[in-house]
1. When you scan segment 92-126, how many residues do you find that are among the polar types (S, T, N, Q) and touching an Asp or Glu at 6+ places or on another chain (Cβ under 8 Å)?
2. Inside segment 4-107, counting only helices (runs of 4 or more DSSP H) that do not spill past its ends, which hold 3 or more residues that are surrounded by fewer than 17 Cβ atoms within 10 Å (Cβ to Cβ) and among the basic types (Lys, Arg)?
3. Could you grab me the full set of residues in segment 371-387 that are assigned to a strand (DSSP E or B) and of a type outside the set (Ser, Thr, Tyr)?
4. What are the residues in segment 37-63 that are without any contact (Cβ under 8 Å) to a residue 12 or more places away in the chain and within 14 Å of the ligand (Cβ to nearest atom), if any?
5. Contact list please: Cβ distance under 9 Å, first residue in segment 90-113 and more than 21 Å from residue 251 (Cα to Cα) and away from the ligand (no atom under 12 Å from the Cβ), second residue basic (Lys, Arg) and outside any strand (DSSP E or B), pairs at least six apart or on different chains.
6. Can we say residue 350 is more than 15 Å from the ligand (Cβ to nearest atom), within 30 Å of residue 178 (Cα to Cα) and not aliphatic (A, V, I, L, M)?
7. Filter segment 1-56 for residues that are among the basic types (Lys, Arg) and within 25 Å of residue 94 (Cα to Cα); which is farthest from the chain's Cα centre (by Cα)?
Amino acid sequence: MKRRIVIVGGVAAGASAATRARRLNAEAEIVIFERSGFVSFANCGLPYYVGDIIKERHALLLQTPEGLKRRFDVDVRVRHEVTAIDREEKRVRVKNLDTGKETWEPYDRLILAPGASAIVPPFAGVRSPNVFTLRSMEDTDAFRNFVDHHEVKRAAIVGAGFIGLEAAEALAHRGVAVDVIEMAPQVLPPLDEDMASMVAVHLREKHVALHLGSPVRDLRVTGERVTGVVLADGQIVDADLVLLAIGVRPNVGLAKATGLEIGPNGGIRVNERMETSDPSILAAGDAVEVDHTVTGESALIPLAGPANKHGRLAGEIAATDDGPPAPSVAGTAIVKVFDQTVAVTGLSRRAADRAGIDAAHVVIRRGHHVGYYPGAEAMTFKLVYEPGSRRVLGAQIVGGAGVDRRIDIVATAIHFRGTVDDLAALDLAYAPQYGAAKDPIHIAAFTAGNQDRGLVRHIDPASVPAIAAAGYQIVDVRTPQEFDRGAICGAVNIGVDELRHRAGELAVDRPIAVYCQVGQRSYLASRILSGLGREDVVSVAGGYTAYNLYLRAAQPSGLRSGSTTAVACGA
Ligand code: FAD
């Protein structure tokens, strides 16, 4: 099938579109216009090159124009910017950024894959030579060169999202003292606050100074350089360089100017064939709105997976007029933050509440494999589900090894509209080095199923002070040794193995809150008490570990100290 396919943007979505189109259509003429000097580079690796973890710059360049020509017969023109679309004549205006020359290029199918741009607020000095964004190879070269050739002792990163935290680790790896400034009251806004607070504690242990709930008012400019970040409360964070990592905005200028439909979130609207409101023009990647797998609503989810898959599909449809429907997107993402791995899929509890979806959650803490085999790493796993139907809505996991595998299992369940019962039923691989016969996935699902059937009532650690004030008896069901190492103020210690015989010591006219170390023994304790006729029992989700973390997160000075020891009763 002879046709001319023109693609705007040659990175994740654009390069995937071009190569898929070629594999399916040997006769098409395929042209990519890319305004930067690079195609198909590894955006996701950029922070690690700055941090000198990836040492070779060429490792980031997955393809070159010459390589794409040789292998795929794709005509790639870098430093060529598409400046207008003429839909009547089916042509685009292209500017050669080296010569300034402009030409019109015809198309039969046009694929828009222009991505998104880093948001740069109108602060003083944002164009200074020591203020950076991290999106393109050019940004990265400038950033790395600056770190390589200047004495950078302190860096301020504005934005505690995925890229901001990756950059924080990268700069810390280069020996730079890092301040991270975030307008929201937590790091990693896609996470719920309780899960994000674990990441904040870890960052502070790694000596990253966090300024949360701190909008930036401006940058402080001294001569030609920025020397600090001015926060809304007037505090100034000194900095030898500033990275702006406050999010991205879809590049929709071309689409808007030619009258293509824009979605409710400001991205290009496409149908399930990746077609815009003009069927000759397809679009994919960070510039488009996608269907969210859980809410079914239109959403902006700027991630590499959807960009690659949707780009590939746009290439297939542009080349053959045929193809499967575009997959929805659950927003599955993972990030390494120093020694932690943090992953999300689907909806957080907060996002579900905001979307008006009836939701409940459980939090469990488990090793990534059985405890008796050396090297188990703890993970905290929050599973969000719809009560009644028990449909899985989302998960967040903070831990070390094995987080990646568990989040992908939940993502798979969400894709197939699975329930908590489906997760509980999964037949997963097990040997002591890799998991447990009752895997963390199963434990989270069992816990959610128990909660949904009314077998246990959980409360969040943050509710402990309120229930204590409301007259609950707080019962620590761990061993005396564990109790002595630190306990919730006012708790009495009755170990779970003694509870059947000592339950009579508990007042009959006051409700009971039980807790243990991570929530496992307190579940059993609440079943024992229920079996003895007590219907007024709640269990503290995540146990003393989660409660202690809640206390530390609530006490900024405690977090800043980098202490990993328990907060003492009454502290
Ligand atoms: P892009 O990759 O941005 O490519 C768009 C290209 O279009 C750009 O090169 C641009 O120059 C070009 N262009 C724009 N307008 C024009 C025009 N008018 N004419 C010609 N060319 C034009 N995602 C993950 O899932 N996991 C990660 O770990 C991850 N890490 C990331 C780390 C960093 C530092 C960054 C910046 C992103 C990361 N992402 C990650 C996000 C991921 O890289 C993007 O979702 C993905 O690259 C989007 O692909 P895209 O093709 O839509 O856009």
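The values are calculated or read from the model by the stated rules, or taken from the named source; none is laboratory data. All of these numbers come straight from a predicted model, not from anything done at the bench. No Cβ is skipped: glycine too gets one built from the backbone with ideal geometry, and neighbour counts run over all protein chains shown.
1. Restricting attention to segment 92-126, the residues satisfying the condition of being among the polar types (S, T, N, Q) are 96, 99, 103, 117.
With the extra rule that they be touching an Asp or Glu at 6+ places or on another chain (Cβ under 8 Å), the set shrinks to 96.
Number of matching residues: 1.
2. Working: elements: 12-24, 46-50, 65-72.
Passing ranges, in order: 65-72.
3. Within segment 371-387, the first condition is being assigned to a strand (DSSP E or B), and the residues that meet it are 378-385.
Result: 378, 379, 381, 382, 383, 384.
4. Of everything in segment 37-63, just one residue is without any contact (Cβ under 8 Å) to a residue 12 or more places away in the chain and within 14 Å of the ligand (Cβ to nearest atom), namely 54.
5. Taking only residues 6 or more apart or on different chains, the pairs are 98/79; 106/90; 108/2; 108/3; 108/90.
6. On the way: more than 15 Å from the ligand (Cβ to nearest atom): yes; within 30 Å of residue 178 (Cα to Cα): yes; not aliphatic (A, V, I, L, M): yes.
Spelling it out, residue 350 is indeed more than 15 Å from the ligand (Cβ to nearest atom), within 30 Å of residue 178 (Cα to Cα) and not aliphatic (A, V, I, L, M).
7. Filtering segment 1-56 for residues among the basic types (Lys, Arg) gives 2-4, 20, 22-23, 35, 55.
Imposing the further condition that a residue be within 25 Å of residue 94 (Cα to Cα) reduces the set to 2-4, 20, 22, 35.
Numbers: 2: 42, 3: 39, 4: 38, 20: 28, 22: 33, 35: 28 Å.
That would be 2.
Here's the yes/no breakdown for (1) at pLDDT 95 or above; (2) within 27 Å of residue 56 (Cβ to Cβ):
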| position | (1), (2) |
| --- | --- |
| 101 | yes, no |
| 106 | yes, no |
| 111 | yes, no |
| 119 | yes, no |
| 127 | no, no |
| 153 | yes, yes |
| 157 | yes, yes |
| 162 | yes, yes |
| 166 | yes, yes |
